[in-house]
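Engineer: Would you mind keeping the following structure in view while I ask a few things?
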Amino acid sequence: MDFTPSLSQLPSPAEKRIALHVTAPAEGALRQRHPWIFENSIAEQSHAGAAGDLAVIFDDKRKFLAVGLYDPTSPIRVRVLQSRTPAVINIDWFQNKLAAAAQLRKPLAAQNTNGYRLVHGENDGLPGLVIDRYADTLVLKLYTPAWLPHLKEFCGALAGVNPAQHVILRLSRSLQKQINDGLTLRDGMPLTLLPTPELNLFQENGLTFESDPIHGQKTGFFLDQRENRARVEALSKGKSVLNVFSYSGGFSVYAARGGAREVVSVDISPHAIESSKRNMAHNLDLPTVAAAKHETFAEDAFDVLARMASQKRLFDVVIIDPPMFAQNEKQIGAALSAYRKLTRLGLSVLRRGGTLVQASCSSRVSSSEFFESIHQSAREAGRILTEIERSGHALDHPITYPEGEYLKCLFARG
Ligand code: SAH
């Protein structure tokens, strides 16, 4: 693949490495392969550095502990690339990481899936960087300016290991704010020269979906719910299914293929609702999808649930997959109370004996707190939930450190 000239305008990586000593607890965490060194755990630093400088961490006997990307703009001051054995961070190193990540996702091809997370940041050894594949389009999302001086080399490695027709660059919100000093990079910009389509069609478990990698949330689709959607499909036959916080209708299309009688999608964003209608339409060649009735509400979910409850409108399956509620430690209490409220509202429109599917993507909220809050809310509503399954991360969203775990989902009969 050929890349735009803007990549060659990026600064080159600095020759000089930063040497660091860190506090004892941080050293312990590094030995446990934790991928972050926080600003306040740096005990000694050889010289001030720029974003993307390589930082080498030594123990008090001057033995190598780890090497990582330095970022003076973030409290996560170093994101570890490699620990225990020294490494030269170059195109070969990037290629090895990309090849290992691709190998891990190999089984997905046999599942008629060409939309998946190819690189899951820290968990695939490439911290602060995510790559999602949508058929022939790769979406590369950066969460730290530390990648910018390495981007050209990294894209060279990508072209070798994961050739694709299009590569689109996405920048995290904080990175978008930082990029202004003459760099031509911007969020949603194609890095490859071929004209990029606005919408990409791809396959997930044999279903066709569109993603909008340039303007869409995340990188255009919620790839992390693939397995939970398949679980919903398996319990949808002949059922009425309510999909709350539906975004582009992932769960809705699976429920329809599974034989749901009717599917109702609710999302506050009219764009998301339009996309859910198109996603349903992309699969109309399947008789069960063509037979399912799809109704949509572009409204606030809390309002819709309260209204349906007052109308005594009931469903056999209720799916609740809200956005992240807790961005930081302080918001955990409020997030848990929002989850409890959603459980109560969800149960008020769930037929007795029906299935509740409730998910959380807040990494700050632990699985045990989340599941307990659902049960507590159900008890308060006079319903006892029987768990069917607790699910977590799929193979393309691996977890290698505690903070990396964010997704949890409960399937329960109630
Ligand atoms: N379940 C989806 C992903 C949900 S992401 C999937 O499988 O793809 C969260 C969604 O919640 C977003 O689409 C967002 O637009 C929507 N949202 C946020 N606040 C909302 C609210 N108050 N009412 C309804 N939808 C809301």
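Engineer: Could you list all residues from the stretch 394-414 that are of a type in the set (Phe, Trp, Tyr) and crowded, with 20+ Cβ neighbours inside 10 Å? Steps first, please.
Structural biologist: First, pick out the residues of the stretch 394-414 that are of a type in the set (Phe, Trp, Tyr): 401, 406, 411.
Matches in the stretch 394-414: PHE411 only.
Engineer: Now a separate question. In the stretch 299-340, which residue that is among the aromatic types (Phe, Trp, Tyr) and not in a loop (DSSP other than H, G, I, E, B) is most open to solvent (accessible area, probe 1.4 Å)? It would help to see each step written out before you state the result.
Structural biologist: Filtering the stretch 299-340 down to residues among the aromatic types (Phe, Trp, Tyr) leaves 302, 315, 325, 339.
The next check asks that each one be not in a loop (DSSP other than H, G, I, E, B); those that pass are 302, 315, 339.
On the way: PHE302: 54, PHE315: 0, TYR339: 0 Å².
For the stretch 299-340, the residue satisfying everything is PHE302.
Engineer: Separate question: Kindly provide the set of residues from the stretch 341-395 that are assigned to a loop (DSSP other than H, G, I, E, B), among the hydrophobic types (A, V, I, L, M, F, W, C) and touching an Asp or Glu at 6+ places or on another chain (Cβ under 7 Å), ordered by number.
Structural biologist: Looking only at the stretch 341-395, we keep the residues that are assigned to a loop (DSSP other than H, G, I, E, B), and these are 349, 361-366, 381-385, 392-395.
Subsequent filtering for residues that are among the hydrophobic types (A, V, I, L, M, F, W, C) retains 349, 361, 365, 381, 384-385, 394-395.
Selection gives ALA394 alone.
Engineer: When you scan the stretch 171-186, do you find a residue that is under 22 Å from ASP267 (Cβ atoms) and open to solvent by less than 40 Å² (accessible area, probe 1.4 Å), even just one? Steps first, please.
Structural biologist: Filtering the stretch 171-186 for residues under 22 Å from ASP267 (Cβ atoms) gives 173.
Filter once more, keeping what is open to solvent by less than 40 Å² (accessible area, probe 1.4 Å): none.
For the stretch 171-186, residues under 22 Å from ASP267 (Cβ atoms) and open to solvent by less than 40 Å² (accessible area, probe 1.4 Å): absent.
Matching residues to (1) within 14 Å of the ligand (Cβ to nearest atom); (2) open to solvent by less than 10 Å² (accessible area, probe 1.4 Å):
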{"site": "ALA230", "(1), (2)": "yes, no"}
{"site": "GLY250", "(1), (2)": "yes, yes"}
{"site": "TYR254", "(1), (2)": "yes, yes"}
{"site": "GLY258", "(1), (2)": "no, no"}
{"site": "MET280", "(1), (2)": "yes, no"}
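Engineer: Scan the stretch 271-290 for residues that are more than 13 Å from GLY249 (Cβ to Cβ) and in contact (Cβ under 8 Å) with a residue 24 or more places away in the chain and report the count.
Structural biologist: Here the count works out to 2.
Engineer: Name the pairs: first residue in the stretch 156-167 and closer than 11 Å to ASP2 by Cα and not assigned by TED's automatic domain parsing to the domain that holds PRO190, second residue at pLDDT below 95 and surrounded by 19 or more Cβ atoms within 10 Å (Cβ to Cβ), Cβ to Cβ under 9 Å, at least 6 apart or on different chains?
Structural biologist: Between residues of the stretch 156-167 that are closer than 11 Å to ASP2 by Cα and not assigned by TED's automatic domain parsing to the domain that holds PRO190 and residues that are at pLDDT below 95 and surrounded by 19 or more Cβ atoms within 10 Å (Cβ to Cβ), there is no close pair.
Engineer: Return the residue satisfying two criteria in turn: it lies in the stretch 148-170 and is open to solvent by less than 70 Å² (accessible area, probe 1.4 Å) and of a type in the set (D, E, K, R), and of such residues it is farthest from GLY128 (Cα to Cα). Step through it out loud before you land on a result.
Structural biologist: Residues of the stretch 148-170 open to solvent by less than 70 Å² (accessible area, probe 1.4 Å): 148-151, 153-162, 164, 166-170.
Within this subset, residues satisfying the condition of being of a type in the set (D, E, K, R) are 153, 170.
On the way: GLU153: 16, ARG170: 12 Å.
Checked the stretch 148-170; the qualifying residue farthest from GLY128 (Cα to Cα) is GLU153.
Engineer: Looking only at the stretch 57-75, which residues are open to solvent by less than 40 Å² (accessible area, probe 1.4 Å) and assigned to a loop (DSSP other than H, G, I, E, B)?
Structural biologist: Step one: filter the stretch 57-75 for residues open to solvent by less than 40 Å² (accessible area, probe 1.4 Å), giving 57, 59, 64-71, 74.
ASP59, ASP71, SER74 - these are the residues of the stretch 57-75 that are open to solvent by less than 40 Å² (accessible area, probe 1.4 Å) and assigned to a loop (DSSP other than H, G, I, E, B).
Engineer: Could we say that PHE202 is aromatic (Phe, Trp, Tyr) and more than 13 Å from the ligand (Cβ to nearest atom) here?
Structural biologist: On the way: aromatic (Phe, Trp, Tyr): yes; more than 13 Å from the ligand (Cβ to nearest atom): yes.
Here the answer is yes, as PHE202 does meet what is asked.
Engineer: From the list SER236, SER269, which residue is within 13 Å of the ligand (Cβ to nearest atom), within 26 Å of ASP303 (Cα to Cα), of a type in the set (S, T, N, Q) and modelled with pLDDT of 95 or more? So that I can check it myself, show each step before the final result.
Structural biologist: Numbers: SER236 fails: within 13 Å of the ligand (Cβ to nearest atom).
From the options SER236, SER269, the qualifying one is SER269.
Engineer: Please enumerate the residues belonging to the stretch 239-248 that are open to solvent by 20 Å² or more (accessible area, probe 1.4 Å) and away from the ligand (no atom under 15 Å from the Cβ).
Structural biologist: Looking only at the stretch 239-248, we keep the residues that are open to solvent by 20 Å² or more (accessible area, probe 1.4 Å), and these are 239, 245, 247.
Hit for the stretch 239-248 is LYS239, nothing else.
Engineer: Starting from the stretch 303-320, take each residue that is within 19 Å of SER269 (Cα to Cα) and list its partners that are of a type in the set (Phe, Trp, Tyr), counting only C-beta distances under 8 angstrom and pairs at least six apart or across chains.
Structural biologist: Taking only residues 6 or more apart or on different chains, the pairs are VAL304/PHE297; ILE319/PHE251; ILE320/PHE245.
Engineer: Sticking with this structure for a sec: Select from the stretch 207-228 the residues that are crowded, with 24+ Cβ neighbours inside 10 Å and within 7 Å of the ligand (Cβ to nearest atom) and write down the one among them that is nearest to ARG173 (Cα to Cα).
Structural biologist: PHE221
Engineer: Now a separate question. So which of SER373, SER368, SER362, SER391 is surrounded by 14 or more Cβ atoms within 10 Å (Cβ to Cβ) and away from the ligand (no atom under 16 Å from the Cβ)? Step through it out loud before you land on a result.
Structural biologist: Numbers: SER368 fails: surrounded by 14 or more Cβ atoms within 10 Å (Cβ to Cβ); SER362 fails: away from the ligand (no atom under 16 Å from the Cβ); SER391 fails: away from the ligand (no atom under 16 Å from the Cβ).
That would be SER373, the only listed residue that is surrounded by 14 or more Cβ atoms within 10 Å (Cβ to Cβ) and away from the ligand (no atom under 16 Å from the Cβ).
Engineer: Would you be able to tell me the number of residues in the stretch 1-35 that are more than 20 Å from MET189 (Cα to Cα), open to solvent by 40 Å² or more (accessible area, probe 1.4 Å) and outside any strand (DSSP E or B)?
Structural biologist: Count: 12.
The values are calculated or read from the model by the stated rules, or taken from the named source; none is laboratory data. Nothing here was measured: the structure is a model prediction, and the numbers come from that model. Counting neighbours? That spans all protein chains shown, and the Cβs are built from the backbone with ideal geometry, glycine included. With ligands, DNA and RNA removed, areas are computed over all heavy atoms of the protein, side chains included. Shrake-Rupley method; radii C 1.70, N 1.55, O 1.52, S 1.80 Å.
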